[in-house]
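Single-structure report; data block below.
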Amino acid sequence: MLSVESFKRRRIAYYGYRAGSYLSLFISLAALLGLVLYIAIQGAPELSFSLLFGEYSSAHPSLGPAFLGTLYLILISLGVATPIGMMSAIFLSEYAKGNSIYVKVIRIAIETLSGIPSIVYGLFGYLLFVYYLGWGYSLLGGSFTMALMILPVLVRGIEESLRSVPSSIREASFALGAGKADTTFKIVLPCAIPGIITSIILSVGRVLSESAVLLVTVGMVVNKVPSTPLSSGTSLALDIYYFSSYGYREEASATSFVLLLLVLLLDGLALLLGKLLSKGKGYER
């Protein structure tokens, strides 16, 4: 039985931990809110139709090339990384034995990939796609490099989504005579769609915000709309770097605001789709 003094110490410790948690939460939210407000105050007044949709000139820069370049990067990188990430996650979640050395090596590799600095990915993409394969500075080379970067995010996110599907659903499918493949691809995978879509949308946010990788693989042609994926180009993140480096302070602020809006919209869309699709499947994650 606890003594009075021991009970008091535990009570003080409890309230101390609770106060520390609330303080940490407040600091995090205040930092996020301060960053968003600062970028909005600096960038929103500088937005204009010519900046967003006008023709590029040295006197009046435009984000038109960056919008198209960013679209190329998103579509190609997701087209490459999503099938690989999904099949890898299905293997790890549904087929692999958790204690085998083979699976442990795969997990170590995934964790290592997720911890590699982005500039290292950029140098790898430069050596492989730009130099050895002879693609030159191109959106295609940048997209393949970005696919390598977002692959660990997709694998881990999709695997967690598959594991969150109740085991009773698998057992019911097996009881009705379905095989392992039918259960995985026709029952489990559709139930995990909310989490899969959320992982994909969050990966898009990673592609949007990356600049170091693209600087050494895509180049930085900000004044020309790319005609094909093999053309050099730019992105919104690269435009921020370019504008801030060459004296376009107002344009850099406006581009930062546009990029921030896109990232916030993607995060909100991921949460909304996750909730809607979870309700449609009949259970909450």
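The values are calculated or read from the model by the stated rules, or taken from the named source; none is laboratory data. Since we're looking at a predicted model, the values are computed, not measured. With ideal geometry, Cβ positions are generated from the backbone for all residues, glycine too; neighbour counts draw on all protein chains shown. Areas reflect the complete protein model, heavy atoms only, side chains present, ligands, DNA and RNA absent. Shrake-Rupley method; radii C 1.70, N 1.55, O 1.52, S 1.80 Å.
Before we move on, is Y283 at pLDDT below 90 and closer than 22 Å to S58 by Cα?
no
Kindly establish whether F67 is touching a residue at least 60 places away in the same chain (Cβ under 8 Å), under 30 Å from T198 (Cα atoms) and among the aromatic types (F, W, Y).
When the stated conditions are applied, F67 passes them.
What are the pairs, 6+ residues apart or on separate chains, where a residue within segment 177-194 that is touching a residue at least 12 places away in the same chain (Cβ under 8 Å) has its Cβ under 8 Å from a residue that is open to solvent by less than 20 Å² (accessible area, probe 1.4 Å) and assigned to a loop (DSSP other than H, G, I, E, B)?
Listed pairs, sorted by first residue: V188/V165; C191/V165; A192/V165.
Please indicate, with yes or no, whether at least one residue in segment 219-234 is touching a helix residue (DSSP H, G or I) at 6+ places or on another chain (Cβ under 9 Å), assigned to a helix (DSSP H, G or I) and either basic (K, R) or farther than 25 Å from S203 by Cβ (or both).
Scanning segment 219-234, I find no residue that is touching a helix residue (DSSP H, G or I) at 6+ places or on another chain (Cβ under 9 Å), assigned to a helix (DSSP H, G or I) and either basic (K, R) or farther than 25 Å from S203 by Cβ (or both), so the answer is no.
Need pairs with beta-carbon distance below 7 Å; first residue farther than 16 Å from L262 by Cβ and within segment 27-43, second open to solvent by less than 50 Å² (accessible area, probe 1.4 Å) and polar (S, T, N, Q); sequence gap 6+ or separate chains.
Here the result reads Q42/S253, each pair linking segment 27-43 to a residue that is open to solvent by less than 50 Å² (accessible area, probe 1.4 Å) and polar (S, T, N, Q).
Of the numbered conditions (1) surrounded by fewer than 21 Cβ atoms within 10 Å (Cβ to Cβ); (2) over 20 Å from the mean Cα position of the chain (by Cα), P117 satisfies every one except a single condition; which is it?
(2)
Name the residues in segment 80-96 that are under 18 Å from the mean Cα position of the chain (by Cα) and either without any contact (Cβ under 8 Å) to a residue 24 or more places away in the chain or open to solvent by less than 10 Å² (accessible area, probe 1.4 Å) (or both), would you?
A81, P83, G85, A89
Give the residues of segment 62-78 that are under 15 Å from the mean Cα position of the chain (by Cα) and open to solvent by 50 Å² or more (accessible area, probe 1.4 Å), sorted by residue number.
Scanning segment 62-78 gives L71, L75.
Kindly list the number of the only condition in (1) open to solvent by 20 Å² or more (accessible area, probe 1.4 Å); (2) touching a residue at least 40 places away in the same chain (Cβ under 8 Å); (3) among the hydroxyl-bearing types (S, T, Y) that fails for S168.
Every listed condition holds for S168 apart from (2).
Examine segment 171-188 for a residue that is among the polar types (S, T, N, Q), outside any helix (DSSP H, G or I), on the phi < 0 side of the Ramachandran plot and touching a Lys or Arg at 6+ places or on another chain (Cβ under 8 Å), and state whether such a residue exists.
Looking through segment 171-188, none of the residues is among the polar types (S, T, N, Q), outside any helix (DSSP H, G or I), on the phi < 0 side of the Ramachandran plot and touching a Lys or Arg at 6+ places or on another chain (Cβ under 8 Å).
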